[in-house]
């Protein structure tokens, strides 16, 4: 390679590095022209906050009243909305409105997304419910791993592309597709360098905290945040009110005398259960039942919502449960009671097995975040013996 050619190559590399404002150190110098143009466009988008309306002139005009959610809030400043999640704040600028200058240091300006990168799987179903999938360009889940058919179809048609999971995003694809927001869950906090790199590229990173909600309907209420974010506020509010109306009558009924265990058997033979404070346990309570097992050792009280127990300990605490629900998400659905017995012969002595009250969740249950109300209805029907109710997320195991 000649010396002049080597110098020219080096200069192009430095130019790309500056345009990407702190992108990966090993970003390839031979970037396609479209990628460089996308980077330049993004740089202009970030800089537009230098002009426009002065934030100090905006006055708070109202806010969104939440019913159950506690992990986010939305304040209104005229047509602009301030979204607060944890200690992070985003000023949402609607389509067609001016940018806002002189933002506080802890506030990120965010325009209504048109090419979102959705990494948190729990968010996709909420976006589908408000008809916002057209504004999702990138997915953190592969096509074959989606149970949400609309997302699977969008990826099959090329309308949505895989851009890597939370800890290994495809930065080049994210840049070339002009991604305008990354929606992550709290797993990203285990890889803070990824969040920092995305932000260095001018991509706002919204870390959703729905898993921290103490009430199941609080988790579902995050659909209202995405309604605001994607300009689908009316659809989101209507959907949420409809779901609340489905379950509040159940919540007001007297509790049943039914006990229920929710679990799965791990590959090493231990039993994974939900802690009593977990949202699954709370849905069982809202449906009128009592969750088993209740006993949790003090040293197991950590941030995780699940814990593993030895089979013998699970047997001692849950053998008299009226109903068993097997969590199919990890180990797959049970096709028969014999499959359960093959995992441990101790299950033969469980009351629910003897009385034929064994169920398993459907494989799509945890991805379909909008199904919280329907799952509570399923639980209530199983507890009360309502055979007229068509189960959606539970399957009877015979």
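The values are calculated or read from the model by the stated rules, or taken from the named source; none is laboratory data. The structure displayed is predicted, hence computed values, not measured ones. Quick reminder, even Gly has a Cβ in these numbers, built from the backbone with ideal geometry, and neighbours come from all protein chains shown.
Quick check: is even one residue across the range 91-99 without any contact (Cβ under 8 Å) to a residue 12 or more places away in the chain and over 28 Å from residue 193 (Cα atoms)? If you could, list the steps in order and put the result at the bottom.
Looking only at the range 91-99, we keep the residues that are without any contact (Cβ under 8 Å) to a residue 12 or more places away in the chain, and these are 96.
From what is left, the residues that are over 28 Å from residue 193 (Cα atoms) are 96.
The answer is yes, given that some residue of the range 91-99 is without any contact (Cβ under 8 Å) to a residue 12 or more places away in the chain and over 28 Å from residue 193 (Cα atoms).
Just a yes or no: is a residue in the range 61-71 farther than 24 Å from residue 219 by Cα and modelled with pLDDT of 95 or more?
yes
Is it the case, given these coordinates, that residue 382 is under 31 Å from the mean Cα position of the chain (by Cα), assigned to a helix (DSSP H, G or I) and buried (at least 17 other Cβ atoms within 10 Å of the Cβ)?
Numbers: under 31 Å from the mean Cα position of the chain (by Cα): yes; assigned to a helix (DSSP H, G or I): yes; buried (at least 17 other Cβ atoms within 10 Å of the Cβ): yes.
When the stated conditions are applied, residue 382 passes them.
What is the number of the single condition among (1) on the phi > 0 side of the Ramachandran plot; (2) in a strand (DSSP E or B) that residue 359 does not meet?
All conditions pass for residue 359, except number (1).
Look at residue 259 and say whether it is touching a strand residue (DSSP E or B) at 6+ places or on another chain (Cβ under 8 Å), in contact (Cβ under 8 Å) with a residue 60 or more places away in the chain, surrounded by fewer than 18 Cβ atoms within 10 Å (Cβ to Cβ) and in the same structural domain as residue 385 (by TED's automatic domain parsing).
Details: touching a strand residue (DSSP E or B) at 6+ places or on another chain (Cβ under 8 Å): yes; in contact (Cβ under 8 Å) with a residue 60 or more places away in the chain: yes; surrounded by fewer than 18 Cβ atoms within 10 Å (Cβ to Cβ): no; in the same structural domain as residue 385 (by TED's automatic domain parsing): yes.
No: the conditions fail for residue 259.
Going by the conditions given, is residue 341 over 25 Å from the mean Cα position of the chain (by Cα), in the same structural domain as residue 267 (by TED's automatic domain parsing) and assigned to a strand (DSSP E or B)?
no
For the range 206-231, which residues satisfy the criterion of being on the phi < 0 side of the Ramachandran plot, surrounded by fewer than 21 Cβ atoms within 10 Å (Cβ to Cβ) and not in a helix (DSSP H, G or I)?
207, 209, 213, 214, 215
Output the residue which, of all residues in the range 262-290 that are closer than 21 Å to residue 248 by Cβ and in contact with a strand residue (DSSP E or B) (Cβ under 6 Å, 6 or more places away or on another chain), is surrounded by the fewest Cβ atoms within 10 Å (Cβ to Cβ).
290
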